[in-house]
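Report on one structure; see the data block that follows.
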Amino acid sequence: MESQALVIATIGVLGVGAQWVAWRTGWPAIVLMLAAGFLAGPVAGELGFRLLDPEAAFGDLLEPAIGIGVALILFEGGLSLDLRELKHSGKAVWRLATIGVVIGWALGALAASQIGGLAWPVAILFGGILIVTGPTVVIPLLRQANVQTRPNSILKWEGIVNDPTGALCAVIAYEYFRRVAESPNASLFEVVPPLIIAAILAGLVGYAAARFVTYAFPRGAIPEYLKVPVLFITVIFVFVLTNKIEHEAGLVAVTVMGVTLANSGFSSLRSIHLFKENVAVLLVSGIFIVLASSLTINDLAYLDPSTEVGLRFILFVLALLFIVRPLTVLISLLGSDVPWNERLFIAWIAPRGIVLVAISGLFALRLADLGYSDGQVLTALSFAVVVATVVAHGFTINIVAKWLDVKGTSRPGLLIVGSTPWTIALAKEMQALKTPVMIVDPSWQSLGPARREGLPFYHGEILNEATEHNLDLSPYQVLVAATDNEAYNTLVCNEFAHEIGRDSVYQLGESADGDDDKHALPPTLRGRALFESGFGVTDVLERQQQGWVFRKTKLSDEFDFEKAQEKLPDSANMLLLVRSTGTLRFFTHAARPEPRAGDTIITFTPPQLRTPEEQAAKRAAKESGRARDEQSQAKPPKPQAT
């Protein structure tokens, strides 16, 4: 018991630790998790102190635990898919999910057999599994690279849709070869139709479960504190039940259930988003560590390039990267309205992930039971495919996206909620610094000055779920809520804190010094207060009417922050600084960034008093302009042609 608890703790530390290192370094998390699993399992085992041996610790419980984990990951992925996104990429996704599946399966099986040297039954099954593209890897890579909306949406949807499809293809192949082993005269037509019918039934069960949830939750049939537990138990029950219909049909059921819930629009779903994302991170981390640490040095020996088998496998992985995937995408999208630069980008990006490894490990054991010796190499080969594709695509996605011109704006953007004279003046200053900026307001009248100034704007309610599908929020890494309602500003900041980051949402108005003030909004809900003085909306608008303006000050080695402060009025207020990379850092009541050479500081300052010489020069300029106007009015009008 103690050893099992220690194994679970070690898995958690390694998995979450790898995710944290990935966040700090920007490296692909899956590579670090696989490395941690290898080091704790087979590598440490060779040195005589194996840290993790999941099979010895959990025994027969390991396989069903991994299966349930994969099901929950697919369900979470389905919850992130809104059908309204298909308006940008629907035809391309369906082509990749139909034509692409057939082409990818055929080419993958051919490469596994002719290049990888696998027996045909094993090659056909592995070709079906290779259809999957790993949403748990694709989505973080796309977020990291800031790819444009259409290729982003196509790759994300393809990853989610093809995960259960790849599992179903593997099931069809396995069931056929199992039937052939039992009855050598069995034909393909005796095997495939029952499996397709089983997949359809599983999908209907998943749909029915989702409709039950959308009916019961809003009507108070389930108390609020039990909604998340009931939902997750329902997912597990649906997965296990549909697997009784057919092996791995549960993956289809939970995916359909997730997509149905994502598009049902019921309010209870919003309250579980943060929790389900946390569960997905824990499951992905744990499963990768478990599968990687379960390998042995003998399993990895198949990948030794000095041997003929290892060389064939390396050539197979290269064929997968440079022949199978590009041909699959380019043939599938032939004649579509997707531009060629986006097609080439999609053809290159296809990292594999958790589902490939989990399903390969599952069928490796079953193929060995059927007498196919090549089945035992599937686990090691699937890890090789995952590592190769994640490294190749993870470390080149930014370069390829820039080269093919599918990358979004590289400078961090500023999203401003509320169209007021102060926010419009701020947006103009930020636009002058080439910072992407967007003003959001539900009032068309309030947006009038922004339209006249030519500023980017969005007419709509920022808290409406439809905003996610009509406004691309990915370019904006900082949010400022500056409407005339402090409580609404707080609501906006609290809503977007988990998506943008608690340290990247700001609002006007000083927060309470503690939780003792019952009349103030608690700081745990608010965004960070703009300005060190904690100006509120009324404060900034009054000062603006008095002539206060924004000023930009560029720092250099010769003109440092202290000299810049000497040039500013004593009552000037520091608002933010813009790094040379475009990163935004705000001066708040709780934090003060460290200015350095190359930064541009934005201050909110009172009107500067002019010297007598400056006033005389301004009067002379006005008199000169008045004289020119009088001269132009005194000229006789030109005769008109008759």
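The values are calculated or read from the model by the stated rules, or taken from the named source; none is laboratory data. Here the structure is a predicted model, which is why all the values come from computation and not from measurement. A quick note on method: Cβ atoms are made from the backbone with ideal geometry, for glycine too, and the neighbour counts reach across all protein chains shown. With ligands, DNA and RNA removed, areas are computed over all heavy atoms of the protein, side chains included. Shrake-Rupley method; radii C 1.70, N 1.55, O 1.52, S 1.80 Å.
Could you tell me which of rounded, prolate or oblate describes region 140-246, using a ≥ b ≥ c as the square roots of the eigenvalues of the alpha-carbon gyration tensor, with rounded for a/c under 1.5 and, failing that, prolate when a/b is larger than b/c and oblate otherwise? Since a/c reaches 1.5 but b/c is at least a/b, the shape of region 140-246 is classed as oblate.
Heavy-atom accessible surface of Glu175, to the nearest 10 Å², is about 0 Å², with a 1.4 Å probe and all protein chains retained. Taking θ as phi - 60° and the Karplus parameters 6.51, -1.76 and 1.60, the scalar couplings of region 555-567 work out to 8, 8, 5, 7, 10, 8, 5, 5, 5, 5, 5, 5, 7 Hz in sequence order, x denoting glycine and proline. Which Cα, out of Phe457, Val391, Val377, lies furthest along the positive dipole direction of region 373-461 (beta carbon charges, K/R +1, D/E -1)? Of Phe457, Val391, Val377, it is Phe457. Here the peptides 105-115, 120-130 are ranked by packing, the mean other Cβ count within 10 Å, and the order with the highest first is 120-130, 105-115. Annotation: Asp405 carries an accessible surface of approximately 110 Å², with a 1.4 Å probe and no ligand, DNA or RNA atoms counted. Take the Cα of Glu190, step 7 Å toward its Cβ, do the same at Glu55, and the gap between the two points is 3.4 nm.
Given their separation in residues at 0.36 nm each and the Cα-Cα distance between them, Gln114 and Trp340 gain 78.3 nm when the chain is fully extended. For Arg543, the solvent-accessible surface computed with a 1.4 Å probe is close to 60 Å², ligands and nucleic acids excluded. Please go through the residue pairs Lys434/Lys552; Lys156/Lys227; Lys156/Lys434 and name each one whose alpha carbons sit more than 23 Å apart in this structure. The answer is Lys156/Lys227; Lys156/Lys434. Distance between the 7 Å Cα→Cβ label points at Tyr215 and Thr307: 5.7 nm.
When the solvent-accessible surface of protein heavy atoms is calculated with a 1.4 angstrom probe, in what order do Leu367, Leu204 fall, highest first?
Details: Leu367 0, Leu204 105 Å².
Reading off the accessible areas and sorting them downward yields Leu204, Leu367.
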